[in-house]
Amino acid sequence: MAINGTEYISTRGNADVLDFAGVTLTGLASDGGLYVPRHWPQFSTDEIAAMRGLSYVDLAARIMAPFTVGVLDEAELRSLCATAYGSFAHTAVTPLVQLDGQHWLLELFHGPTLAFKDVALQLLGQFFERFLSGTDTKLTIVGATSGDTGSAAIDAVAGRAQIEIFMLHPHNRVSDVQRRQMTTILAPNVHNIAIGGSFDDAQAMVKRMFNDKDVNGPLTLSAVNSINWARLMAQVVYYFYAALRLGGPERKVAFSVPTGNFGDVFAGYVAAQMGLPIERLIVATNINDILHRALSKGDYSVLSVTPTASPSMDIQVSSNFERLLFDLEGRVGATTGARMKWFEQMGKMVLSPEMRKNASLLTSARTDADQMSAAMRWAYGATDQIIDPHTAIALHAARNAGIRPDVPVVTLATAHPAKFPDAVENATGIRPALPARVAQLFDREERFDVLPGAYDAVRDYVLARATR
Ligand SMILES: *Cc1c(COP(=O)(O)O)cnc(C)c1O
């Protein structure tokens with residue numbers, strides 16, 4: 001099929017080329033790869049400078065327009081963004097907070113479910129509605145969540161007529177707030193499943209469903225995990241937003257990103273490919289440090305997952321890393337496809353010195369529990385900010401990255417501290433309160449089913465409940 005507009009290709013080179021609407025509704029490519037634009041759109045320094053002072057919504061439409069050519073123009077994007085970001089509790093959408101002379105927080109948690117995932121998923125909900133209306137397609141969303149994706153996705157699609165959502169979370173491994181934000185949404189199109197095992201087990205099952213012709217065929221499956229390109233696209237915007245407010249594009253800015261599935265930090269990489277001057281992207285991990293080992297030593301080998309106080313980063317296999325690998329080896333689908341096949345069999349791969357050189361914009365750091373708590377205490381004691389455990393991991397990395405003092409360093413604050421009250425209280429002695437808009441969470445009825453960590457059980461559950 002010829003595409004009249006922005007083309008999307010699979011990282012494994014062997015799937016249909018799609019337009020923006022196609023990639024938004026599809027999720028994983030049929031060859032097991034992930035969709036990326038055929039070319040990175042470019043903005044000149046003058047074009048970026050001209051974006052200074054745009055509101056978040058206007059900036060979002062400007063940045064995303066090159067990705068949606070032939071499907072949505074800038075005015076249509078603007079209107080979808082206005083609706084999506086109208087649900088945020090801060091008029092700046094993603095406000096910056098200054099910590100000291102060099103360090104800033106970019107608060108990404110002012111959306112309805114208190115984590116940065118809302119920034120992308122509120123917009124994705126609008127895209128789904130827009131692309132399904134006027135068709136008789138019924139979309140079945142299956143996703144795995146380490147906590148925050150699930151609530152943000154469910155909030156974005158609850159009650160929508162042409163969508164059924166099945167969300168898997170690892171049983172007893174998400175926080176009470178995270179679980180309740182999913183399980184207290186009682187809309188009939190919402191199905192919460194607690195499964196035995198880790199997040200990686202759940203994610204592997206979701207991937208398998210996409211490749212299972214008995215499921216993906218009878219049902220039109222779609223993804224809300226960050227394998228969905230539209231999510232990453234929406235996250236590119238706030239890198240521009242922050243940099244423009246801190247002297248960009250004339251002045252370079254560094255970012256420190258608490259990383260799990262490698263979606264958020266990959267969006268920063270995309271911003272750099274589009275022309276935004278970025279000094280450095282710090283990939284901050286907790287003790288589940290596969291990405292740190294990969295970027296610092298070239299060793300991308302899977303170990304078992306250790307549960308931590310930053311559960312949204314308790315991941316070993318980071319799906320979006322494949323998108324970076326594709327770029328690092330010259331964007332050749334056959335090469336990335338062969339590499340990923342090998343990795344899927346062996347559970348490990350090595351990044352060559354050449355690939356690591358191509359990734360030099362990215363550095364990495366591993367933060368343990370004590371360092372995380374110390375960062376929370378520093379933020380509270382020295383700057384009066386109460387921060388969540390994920391943010392603390394990135395802040396520790398930011399303050400120890402050795403970045404020149406004249407370069408502003410922005411730590412992405414990915415969750416509201418009240419989502420993780422125990423860890424915050426342990427570190428600071430302060431128990432953060434839920435914001436008023438979600439305060440009744442603990443009074444609401446919950447609904448979810450517990451299933452064993454077995455693929456067949458989950459597949460049958462979905463097939464029995466999805467509408468076609
Ligand atoms: C999802 C999440 C992360 C990790 O983001 P990725 O895009 O998966 O790397 C970090 N912090 C919080 C609070 C999250 O919800």
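Bear in mind that the values in this text are calculations on the coordinates, not laboratory data. Because the structure is predicted, anything quoted here is derived from the model rather than measured. Backbone-built Cβ (ideal geometry, glycine too); neighbour counts: all protein chains shown.
Rounded to the nearest Hz, the phi-derived 3J(HN,Hα) couplings of the stretch 37-51 under the Karplus curve 6.51 cos²θ - 1.76 cosθ + 1.60 (θ = phi - 60°) are x, 4, 10, 7, x, 10, 10, 6, 4, 5, 5, 5, 4, 5, 7, where x marks glycine and proline. In the stretch 51-135, Rg over Rh equals 1.03, where Rg is the alpha-carbon radius of gyration and Rh the Kirkwood radius from pairwise Cα distances. Over the residues of the chain, the helix contribution to mean residue ellipticity at 222 nm works out to -12000 deg cm²/dmol, using -39500 (n - 2.57) for each DSSP H run of at least 4.
Let me know the number of lysine pairs in the stretch 280-425 closer than 25 Å at the Cα, not counting same-chain pairs under 8 apart. Let's see the in-between values first.
On the way: Lys297/Lys341; Lys297/Lys348; Lys297/Lys357; Lys341/Lys357; Lys348/Lys357.
Total qualifying Lys-Lys pairs in the stretch 280-425 comes to 5.
Placing unit charges on each Cβ (+1 for Lys and Arg, -1 for Asp and Glu) gives the chain a dipole about its Cα centre, and among Thr259, Leu96, Ser364 the Cα reaching farthest toward its positive end belongs to Ser364.
Rg and Dmax over the alpha-carbon atoms of the stretch 405-468 stand at 19.9, 58 Å. Of all aspartates and glutamates in the structure, those lying under 12 Å Cα to Cα from Lys252, and not within fewer than 8 positions of it along the same chain, are Glu279, Asp406. Each Lys or Arg adds one and each Asp or Glu takes one away; over the other residues whose Cβ falls under 12 Å from the Cβ of Thr24, this sums to 0. Separation of the stretch 253-332 and the stretch 384-421, taken as the distance between their Cα centroids, equals 16 angstrom. Taking other Cβ atoms within 10 Å as a rough exposure proxy, Leu361, Leu221, Leu246 sort from fewest to most as Leu361, Leu246, Leu221.
Around Arg280, what is the net charge, scoring Lys/Arg as +1 and Asp/Glu as -1 over all other residues with Cβ under 14 Å from its Cβ? So the surrounding residues net to +2. Within straight-line reach of Lys213, meaning a Cα separation under 18 Å, sit the following lysines at least 8 residues removed in sequence or on another chain: Lys138.
Translational D (Stokes-Einstein, µm²/s) of the stretch 329-375 at 37 °C and 0.692 mPa s when Rh comes from the Kirkwood sum over C-alpha pairs? Intermediate results must be reported in sequence, preceding the final value.
Values: Rh = 13.4 Å.
Rounded to a whole number, D works out at 245 µm²/s.
Simple point charges give the picture: +1 on the Cβ of Lys and Arg, -1 on the Cβ of Asp and Glu, and for the stretch 47-156 a dipole about the Cα centre of about 60 debye. Computed from the C-beta positions of Gln440 and Arg208, the FRET efficiency with R₀ = 30 Å rounds to 0.20.
Using square roots of five times the C-alpha gyration tensor eigenvalues, list the equivalent-ellipsoid semi-axes of the chain in whole Å, biggest first. Provide the component values of the computation, followed by the final result.
Values: eigenvalues 172, 139, 110 Å².
Value: 29, 26, 23 Å, ordered largest first.
Derived from the Cα gyration tensor, the three semi-axes of the equivalent ellipsoid of the stretch 95-154 are 32, 14, 7 Å, largest first.
Just add up the charged neighbours of Glu425: K/R +1, D/E -1, any other residue whose Cβ is under 15 Å from the Cβ of Glu425.
Taking every Cβ under 15 Å from that of Glu425, the sum is 0.
Under the convention that each Lys and Arg Cβ holds +1 and each Asp and Glu Cβ holds -1, the size of the dipole of the chain around its Cα centre is about 420 debye. Taking the alpha-carbon centroid of each part, what is the distance from the stretch 60-130 to the stretch 141-209 in angstrom? Each part's Cα centre sits 22 Å from the other's.
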